[in-house]
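The values are calculated or read from the model by the stated rules, or taken from the named source; none is laboratory data. Predicted, not measured: the structure shown is a model, and the values here were computed from it. Positions of Cβ are generated from backbone atoms using ideal geometry, with glycine treated the same way; all protein chains shown enter the neighbour counts.
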Amino acid sequence: MSAEEAKREILKCAKCGKCRSVCPVFIEVGDETRVARGRISLAEAIFQGEIFYSKELRDYIYSCKKCLRCQACCPSGVDFNLIINALLEGIEKNMGIPPMARFVLRVLLPRRRLFDLTIKMASLFQKLIPGKRRGTMRHLPLFFMGKRWVPPLARRTTLNRFQHTQKLSNPEMRVGFFVGCLTNYVYPNIAEALVKVLNHLNIEVVIPSEQVCCGIPALSLGDTTAARKLAEKNRAIFEASASGGLDAIVSACSTCSLTIKREYLRLLGDSWKPMADKVYDISVFLEKFTHYETDPISTKVTYHDPCHLRWGQGVTKEPREVLGRCAEFKEMEYPDRCCGGGGVFSIIYRDLSLKIGEHKINSIERVGADMVATSCPGCMLQISDMVASRNLPVETLHVVELLSRTINHRPKG
Ligand code: SF4
Ligand code: SF4
């Protein structure tokens, strides 16, 4: 990341304050140092040597959700993502990051088998945890995030379940599947649904078993070196798969698709562009390239827009189109309001994360749907936690899961 690029973006900011009206963090805390405009002023002061890196500054920067909502509404077109990434890198270079986080990012995440083993050990502890509610349990053993209801770790990871590509005799298309950590370790049911739907549509799904984390946890802590290493590994793996011909790379995680589509261009350079252009969120892929029929169910489903899909990729209509074919679609109030989730953010700022999420769970409760669907496993984690906390009779699921339950499997003709 070049500081010069960030400085150019800083100069574009007109200090109009429009970002204050949409920033989920600012709306809760009302503190100018925790909104794009204030953080841009801090970046300006840092680059001009007027202030120095400190614990307070780190807190102002870490408390940004990187939801990109401010960027999507900015009348001056400021690339805030570039500025916040430059600040995070500065923090990492000048203050470092906790040794445990460094170990996870640089040692565990690039080594799939070692990471699998760590998660496996963590999953053994979950058997000891009492109390289950709506498919969730009280703690995530790895992080001991008390007060949270989270789904148990999968007994068998997605990448272990799909070690071999299900070969189709004469497929219409061949796509790579970027799985992502949550779908791999917590939600293999999303992967099963995605593969089932695509195979039904005569699309072969290649799931390279050596793929690793997309790198977003490393980027969130400013460790660009670790993020680039993960990106390079994924590039080598997917380019090797692409040598057999890949028409697209699909993902069921908004954050993963945003990272491999956009952040990898920054990490790997323009040589990644041909692959980046092939990356699609699963609902976008389905609506753009396929035709399918469904047997809709008489169940009310509502939809939550993940920030990284709506603000990061501008996708709004495709997931709704899929859901509208599967069940009775009912829009909630403020579907684009942040759910408060987000990997590193919801661990460091747990209470703030839940406070932001209050608005979302209120909307879900008011709409009176039986199901809340979304396009991001990270949002599912947050929403199912809040649903379980309130003990609501609402199922949280991924868009592609509902499609796999309702897609018409009758033979054609
Ligand atoms: S909306 Fe854009 S131009 Fe206005 S203060 Fe925020 S970042 Fe600056
Ligand atoms: S990225 Fe999101 S949390 Fe960060 S300043 Fe912008 S709107 Fe606020």
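Does Glu56 satisfy the condition of being exposed (fewer than 13 other Cβ atoms within 10 Å of the Cβ) and part of a helix (DSSP H, G or I)? When the stated conditions are applied, Glu56 passes them.
Hey, could you check the stretch 337-362 for residues that are in a loop (DSSP other than H, G, I, E, B) and within 12 Å of ligand 2 (Cβ to nearest atom) and say which is farthest from Leu88 (Cα to Cα)? Per the stated criteria, the residue is Arg337. Report, by residue number, each residue of the stretch 333-345 that is surrounded by fewer than 24 Cβ atoms within 10 Å (Cβ to Cβ) and either under 30 Å from Ala101 (Cβ atoms) or not assigned by TED's automatic domain parsing to the domain that holds Cys307 (or both). If the condition is that a residue be surrounded by fewer than 24 Cβ atoms within 10 Å (Cβ to Cβ) and either under 30 Å from Ala101 (Cβ atoms) or not assigned by TED's automatic domain parsing to the domain that holds Cys307 (or both), then Arg337, Gly343, Val344, Phe345 are the ones that fit.
Considered as a group, the residues in the stretch 288-316 that are part of a helix (DSSP H, G or I) and farther than 23 Å from Gly378 by Cα include one that is nearest to the chain's Cα centre (by Cα), and that residue is Lys288.
Taking residues in the stretch 245-265 that are at positive phi, and partners anywhere that are surrounded by fewer than 24 Cβ atoms within 10 Å (Cβ to Cβ), the pairs with Cβ atoms closer than 9 Å and at least 6 places apart or on different chains are Gly245/Arg174.
Pairs are defined by a Cβ separation below 6 Å, a sequence spacing of at least 6 or placement on different chains, a first member in the stretch 63-82 that is aliphatic (A, V, I, L, M), and a second member that is more than 8 Å from ligand 1 (Cβ to nearest atom); the pairs so defined are Leu68/Trp311; Leu68/Gly312; Ala72/Trp311; Val78/Glu9; Leu82/Glu5; Leu82/Ala6; Leu82/Glu9.
If you take the residues in the stretch 1-22 that are of a type outside the set (Gly, Ala, Ser) and over 16 Å from Ser76 (Cα atoms), which one is nearest to ligand 2 (Cβ to nearest atom)? Reasoning before the result, please.
Looking only at the stretch 1-22, we keep the residues that are of a type outside the set (Gly, Ala, Ser), and these are 1, 4-5, 7-13, 15-16, 18-20, 22.
Subset that is over 16 Å from Ser76 (Cα atoms): 1, 4.
Numbers: Met1: 16, Glu4: 22 Å.
Residue satisfying both the conditions and the ranking: Met1.
Check the stretch 64-72 and report whether any residue there is within 25 Å of Val186 (Cβ to Cβ), of a type in the set (Lys, Arg) and within 16 Å of ligand 2 (Cβ to nearest atom). Looking through the stretch 64-72, at least one residue is within 25 Å of Val186 (Cβ to Cβ), of a type in the set (Lys, Arg) and within 16 Å of ligand 2 (Cβ to nearest atom).
Glu5 satisfies every condition listed in (1) surrounded by 17 or more Cβ atoms within 10 Å (Cβ to Cβ); (2) under 27 Å from the mean Cα position of the chain (by Cα); (3) away from ligand 1 (no atom under 13 Å from the Cβ); (4) assigned to a helix (DSSP H, G or I) except (1).
Select from the stretch 21-68 the residues that are away from ligand 1 (no atom under 12 Å from the Cβ) and of a type in the set (D, E, K, R) and list them in ascending order. Matches in the stretch 21-68: Glu28, Asp31, Arg34, Glu50, Lys55, Glu56, Arg58, Asp59, Lys65, Lys66.
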